[in-house]
Amino acid sequence: MARFLLLRTVQALLVLLVMSFVIYGLIGLMPGDPIDLMMASNPGMTPEAAARLRAIYGLDQPLLLRYARWLWDALRGDLGFSRVHARPVLQVLLPALWQTCKLMLGGFTIAVLLSMLLGVLAALRPGDWIDGAISTVALAGVSVPVFWLALVLILVFAVNLHALPASGVGDGTWADTFWHMVLPVTTLALSIIGQFVRYVRAAMVDALRMDHVRTARAKGAGEGRIVLIHALRPALIPVVTVMALSFGGLFGGALITETMFAQPGMGKMIYDAILGNDYNLALSGLLFATLVTLLSNLAADLAYGWLDPRISVG
Amino acid sequence: MGRMLQGAPVSLLEVERISVHFSQGGGLFAKGRVLRAVEDVSFDIQPGETLALVGESGSGKTTLGHVVAGLRAPTQGTVRYAGQAIQVVFQDPFGALDPRMPVSAIIAEPLRIARRPAAEQRRRAGELAAQVGLPPDALNRYPHEFSGGQRQRIAIARALAPAPELVVADEPLSALDVSIGSQVLNLLRDLQRAHGLAYLFISHDLAVVNHLADRVAVLYLGRLVELAPRADLFARPSHPYTRALLDAAPRIGRRRGRGSALRGEMPSPMAPPPGCVFHPRCPKVQAICRVQPPLLGPAPNRRKVLSACHFAE
Amino acid sequence: MNVQLPITRPSAVEAPQSPWRLRLRRFRRHRTGMAALALLLLIVLFCLAAWPVQWWLGVDTTTTDLLARFDPPSAAHPLGTDDAGRDELVRLMVGGQISLLVGLIATAFGALLGTAIGVAAGYFGGRLDAVLMRFTDGMIALPLLPLLIVLGALDLTKLGFSPEFARSGAAGFWRVVVIISIVDWTGVARIVRAATLAIREADYIRAARVSGARAGYAILTHVLPNVASPLIVALTLTVGRVILFESVLSFLGFGIVPPTPSWGNMLNNAQELVTTAPMLAVLPGLLIFLSVIAVNLLGDGLRHAFDPRGE
């Protein structure tokens, strides 16, 4: 188990390293470069001064060398300076990370709990009207564009009903923060719940058909006990893995949600950084997003090994 | 094929000291083990002859068949083939035919691969379908519309398409029920007579082997333990393993098992026993068997019977 | 007495049942699948109606009229006008053409890439398989949307394209197609690899090899036709996902570039539209939603029709 964990961690770090190089290279291909931007904002700067700055920042050097220098600084904890926010990247990153954590954990938790309930309910009698209704909702969930879902929610609850705030994070009090989180968290939860319900339903339908469930039923176990103890546990194994895997993908949803509801999280930060040519911030943000995804994959592997006694990981 | 060399017929197929080893498992950290599926096997097949290859499952007979057909390169040894084409008929008639292809395309496939003209492909497919006894409308149909026996006929027709001199038949009857199997067996025999085919007939069914084979090769744990003309082998097996196989085979009018049936399980080919590989299960085992591997050679006073046993009959 | 022999083989009078014919029959019996197909055809017809409607109404997608912003529906503009006074109906139709076309073409490119990688990994196995699958796993582990945004933001002139091309509508279209297809091929690669692995050891492939077939023949003649069914089902679902990707990229401003309309970029300023002209914020998204639902239902229907247990 320890060796497996070590192996996967090394693998994840390797992917992260490769990705950091790829993203570093891609960011260099985005429009403009930092010195051009400086010249644009400071008309007094001469071309000679620009060339000198280029040398100072090492921008005249080959890509590999620049990347190596960035990596060395990053490993020592120096992620550079954010142009747009005029602060060290890490100081911008951490609050945004916290904001996104609240959003993702909230949306994820709601989606998991609700999808368990709906998925099991639909699986009890496959093909009846409850199953039909839940499956239809799930299909709608996987087919809806998230940003449009957010728009519709804003239209209904903020514009028409004036019931909930449409953007921002509020005045800082607990109640107001909560109030402002309702629509974003709902949107994010809805964006994944359809997928989850489909997984849970499929796994439960299979589990309820398994031999040991039939045996338990034949022995006269209560229906609730059968569903909860005998079927749900084995059904959970693949479901938990898939859910953990999709936690990383949730980042895309968070990016959209934060942009739609003007919440200062990682997603919106990355989006603004790319729009504003803030290379250092965009690079670090993207790497953080990759890291979150890799960690969730690792968690999925571990959960799988931990839940399924037949599989010894390693 | 049929070339004469100083009066003696040249073998159609000569298999010389073939070994096939698989490396099992192994990865970044673990060193893989070696599975010796076939170990130092030699035999030949004459034109028009049927050599049966018998043995339990896991004895390496299918692997050996794949080597003869050119599907797998041997780890050591050589295969010399004097004919133009070898073909194979597989065990499972359901997996042997591409479900997406109509029967005419399946039968003509060897010709298509050899880039023969389309008209010849069509003509041959029609001839062959009739030869193996398929209904006239079979050519435009798909495999799933046929029964197991009919599918095996389709596979046989395909094997005959390039006019091979040798057909490797890998348990062609074992997936069929008895009456269908005997029909296919008769078909194989009729085709042999009509085309002068040689068969390498892989089987675990001694009754079928007795019906069709000219000579029989017995394989145990990848080693050839006996190679003898059919009549000799069935009348008086030379190797104790062959005797055990014969005793274990159910025969009409006799209850199975006459005392010397096989003890225990076949050992893993990953860890073959030292000395004679058969010694842990052999009723005639002596001290020398545990140390010295016997070589395949003529049994005492029986020139045509080759046996790998220190105490060959 | 003349004995009438019964027809022992009823199939003798029927037409040969090719696998595709069987599937078509099974699909026709799948009601939601057929309904989805009908809905999809309706949407496609709606998008194709752009040409006659443009000609009939004498409008186009790009002519702005700042005096006619947010006009309500009228005879000249059946769905009214947008924030630049352009005809909303025609823009929805043409935007749909763009969105659906991106969905189809990017899926096709991704399918080519994924199939090539999956077949190579599955058929040849060994070290090639290990390398390709590690690469695929690495791709799967990436956050797709942020990556797509970076790729959508790249400066094409830095990649050696001319500035004229980089600003053109065609560049915007093909950029979206290319970036989505180089990101969204992993699912196809895995499915094709798994199917190839299963088929590689089939005896009919062995039979072809005995007859002298090379890998290329085996792949084209036996492997690809036999992976077609899981592939087609997977691709249907991919089309839906790609349409969603295109819409969100265009919405965020990294996809189809205005003035070329797409269902995604018609919602660019939807946050303002929500208060001024809610219909404009709802309609394009509703069309995306309906298209993706139809495509996903179609996928379910095809899965049912291709189910090997039914064959």
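Looking at chain C, which longest stretch skips every one of the chymotrypsin sites (Phe, Trp or Tyr not before Pro) that is in a DSSP loop with at most 16 other Cβ atoms within 10 Å, leaving the sites themselves out?
Details: sites that count: C:PHE70, C:PHE161.
The longest uninterrupted stretch comes out as C:162-311.
Ignore the peptide's own chain and count Cβ atoms of other chains within 10 Å of each Cβ in B:97-107; give me the average, rounded.
Working: counts 4, 12, 7, 11, 6, 2, 1, 0, 1, 2, 0.
The mean count of partner-chain Cβ atoms within 10 Å per residue comes to 4.
Of all accessible surface on the protein assembly as shown at a 1.4 Å probe, what whole percent is carbon and sulfur? Could the numbers behind the result be given before it?
Numbers: 28090 of 44500 Å².
The value for the protein assembly as shown is 63 percent carbon and sulfur by accessible area.
Quote the accessible area belonging to A:TYR304 in square angstrom, nearest 10, computed with a 1.4 Å probe and with ligands, DNA and RNA left uncounted.
80
What spacing in nm lies between the two simple spin-label points modelled at B:ALA114 and A:HIS162, each 7 Å away from Cα in the Cβ direction?
Once both label points are built, they end up 8.9 nm from each other.
What is the extension gain from B:HIS21 to B:ALA231, computed as 0.36 nm multiplied by their sequence separation minus the C-alpha to C-alpha distance, in nm to one decimal?
Details: separation 210, 0.36 × 210 = 75.60 nm, distance 3.30 nm.
Result for the pair: 72.3 nm of gain on full extension.
Give the Rg/Rh ratio for the protein assembly as shown, taking Rg as the radius of gyration of the Cα atoms and Rh as the Kirkwood radius, to two decimals.
Details: Rg = 35.3 Å, Rh = 33.3 Å.
Taking Rh as the inverse mean 1/r over Cα pairs, Rg/Rh reads 1.06.
What FRET efficiency would be calculated for the residue pair A:ASP128, C:THR275, taking the C-beta separation as r and a Förster radius of 41 Å, to the nearest 0.05?
On the way: r = 42 Å, r/R0 = 1.03.
Rounded to the nearest 0.05, the efficiency is 0.45.
Between B:ARG115, B:ARG236, B:ARG17, where does the largest GNM mean-square fluctuation fall for chain B, given springs only between Cα atoms within less than 10 Å?
B:ARG115
Can you give me the distance in nm between label points at A:PHE81 and A:LEU64, each placed 7 Å from the Cα along the Cα-to-Cβ direction?
In this crude label model, A:PHE81 to A:LEU64 measures out at 3.0 nm.
For the protein assembly as shown, what is the charge dipole size about the Cα centre, in debye to the nearest 20, if Lys and Arg each add +1 at the Cβ and Asp and Glu each add -1 at the Cβ? Write out the running numbers ahead of the final one.
Values: 84 positive and 64 negative charges, 848 e Å.
Computed about the Cα centre, the dipole is about 4080 debye.
Given the rule -39500 (n - 2.57) for each run of at least 4 DSSP H residues, summed and divided by the residues of chain C, what is its mean residue ellipticity at 222 nm, to the nearest 500 deg cm²/dmol?
On the way: 13 runs with 206 residues, N = 311.
Calculated at 222 nm, the ellipticity per residue is -22000 deg cm²/dmol.
Can you divide the C-alpha Rg of region B:101-145 by 2.2 N^0.38 Å and report the result to two decimal places? Let's see the in-between values first.
Values: Rg = 10.0 Å, N = 45, 2.2 N^0.38 = 9.3 Å.
Compared with the compact-globule rule of thumb, region B:101-145 sits at 1.07.
Just how much of A:ILE56 is accessible, in Å², when a 1.4 Å probe is used and the result is rounded to the nearest 10?
120
Taking 8 Å as the Cα distance limit and 6 or more residues as the minimum spacing, I'd like the relative contact order of region B:124-175 as a percentage. Spell out each step's value before the answer.
Details: 29 pairs, mean separation 20.8, N = 52.
The value is 40 percent.
Can you send over the solvent-accessible area of C:ILE182, 1.4 Å probe, protein chains only, in Å² to the nearest 10?
Estimated to the nearest 10 Å², C:ILE182 gives 80 Å².
Say we join alpha carbon atoms closer than 10 Å with springs in a Gaussian network model of chain C; which of C:ALA215, C:ALA36, C:ALA50 then has the biggest fluctuation?
With Cα springs under 10 Å in chain C, the top fluctuation among C:ALA215, C:ALA36, C:ALA50 is at C:ALA215.
May I ask you to rank C:ASP60, A:ASP176 by accessible area, largest first, using a 1.4 Å probe over the protein chains only?
Details: C:ASP60 60, A:ASP176 40 Å².
Result of the area sort, largest leading: C:ASP60, A:ASP176.
Tell me the per residue accessible area of the protein assembly as shown using a 1.4 Å probe; a whole number in Å² is fine.
On the way: 44500 Å² over 938 residues.
Averaged over the residues of the protein assembly as shown, the accessible area is 47 Å².
From the protein chains alone at 1.4 Å, what is the descending order of accessible area for A:ARG214, B:ARG303, A:ARG69, largest first? Mind dumping the intermediate values first?
Values: A:ARG214 145, B:ARG303 195, A:ARG69 115 Å².
Correct descending sequence by accessible area is B:ARG303, A:ARG214, A:ARG69.
In what sequence, largest accessible area first, do B:SER57, A:SER296 appear using a 1.4 Å probe? Working shown, then result.
Values: B:SER57 100, A:SER296 10 Å².
In descending accessible area the options line up as B:SER57, A:SER296.
Which of B:PRO298, B:PRO273, B:PRO117 moves most in a GNM of chain B, Cα contacts under 10 Å?
Of B:PRO298, B:PRO273, B:PRO117, the most mobile in the Gaussian network model is B:PRO117.
May I ask you to find the residues of region C:129-154 that are shielded by at least 30 Å² of accessible area once the whole protein assembly is considered instead of their isolated chain (probe 1.4 Å)?
C:ALA141, C:LEU142, C:PRO143, C:LEU145, C:PRO146, C:LEU147, C:ILE149, C:VAL150, C:ALA153, C:LEU154
Give me the summed buried accessible area for the A-C pair, 1.4 Å probe, to the nearest 100 Å². Numbers along the way, then the final one.
Values: alone 17370 and 17200 Å², together 31220 Å².
For chain A against chain C, roughly 3400 Å² becomes buried.
From the mean inverse distance of alpha carbon pairs (Kirkwood) and the Cα radius of gyration, derive Rg over Rh for chain B.
On the way: Rg = 20.7 Å, Rh = 20.8 Å.
In chain B, Rg relative to Rh is 0.99.
Which value does Rg/Rh take for region A:90-307 over its C-alpha atoms, Rh per Kirkwood?
Using Cα coordinates only, the ratio equals 1.05.
Please give the FRET efficiency for C:ARG21 paired with A:THR136, using the beta carbon to beta carbon distance and R0 = 35 Å, rounded to the nearest 0.05.
Values: r = 31 Å, r/R0 = 0.89.
The calculated FRET efficiency here is 0.65.
For chain A, what does the helix formula give at 222 nm: sum of -39500 (n - 2.57) over DSSP H segments with n ≥ 4, over the residue count, nearest 500 deg cm²/dmol? Kindly include the intermediate steps, with their values, before the conclusion.
Details: 12 runs with 229 residues, N = 314.
Helix-only estimate at 222 nm: -25000 deg cm²/dmol.
Considering every residue in A:252-259, what mean count of other chain Cβ atoms within 10 Å of its Cβ is obtained? Write out the running numbers ahead of the final one.
Working: counts 9, 2, 2, 6, 4, 0, 0, 4.
Partner Cβ neighbours, averaged per residue: 3.
Run through all the Cα pairs of chain C and give the fraction in each 10 Å bin from 0, expressed as whole percent.
Each 10 Å bin holds this share of Cα pairs: 6, 21, 26, 22, 14, 7, 3, 1, 0, 0.
What FRET efficiency comes out for A:LEU94 versus A:ALA175 if R0 is 22 angstrom and r is the Cβ-Cβ distance? Round to the nearest 0.05. Intermediate values should be presented prior to the final figure.
Working: r = 25 Å, r/R0 = 1.12.
After rounding to 0.05, the efficiency reads 0.35.
Would you mind checking which residues have amide H under 5 Å from B:VAL305's amide H? H placed 1.01 Å from N; only 5 or more apart, or other chain.
Residues meeting the criterion, in which the H sits 1.01 Å from N, are B:ALA299.
Between B:ASN140 and A:ARG225, what is the spin-label point distance in nm, taking each point 7 Å from the Cα along the Cα→C-beta axis?
A separation of 6.3 nm, rounded to one decimal place.
Averaging sequence separations of C-alpha pairs under 8 Å and six or more residues apart, then dividing by the length of chain A, give the relative contact order as a whole percent.
On the way: 349 pairs, mean separation 79.9, N = 314.
Relative contact order here is 25 percent.
Give the dimensionless ratio obtained when the Cα radius of gyration of region B:184-313 is divided by 2.2 N^0.38 Å. Write out the running numbers ahead of the final one.
Details: Rg = 15.9 Å, N = 130, 2.2 N^0.38 = 14.0 Å.
Computed over Cα atoms of region B:184-313, the ratio equals 1.13.
The values are calculated or read from the model by the stated rules, or taken from the named source; none is laboratory data. Small disclaimer: the values here were computed from a predicted structure and weren't measured. Cβ sites come from the backbone with ideal geometry, for glycine too, and all protein chains shown count toward neighbours. Accessible surface areas use protein heavy atoms only, side chains included; no ligands, DNA or RNA. Shrake-Rupley method; radii C 1.70, N 1.55, O 1.52, S 1.80 Å.
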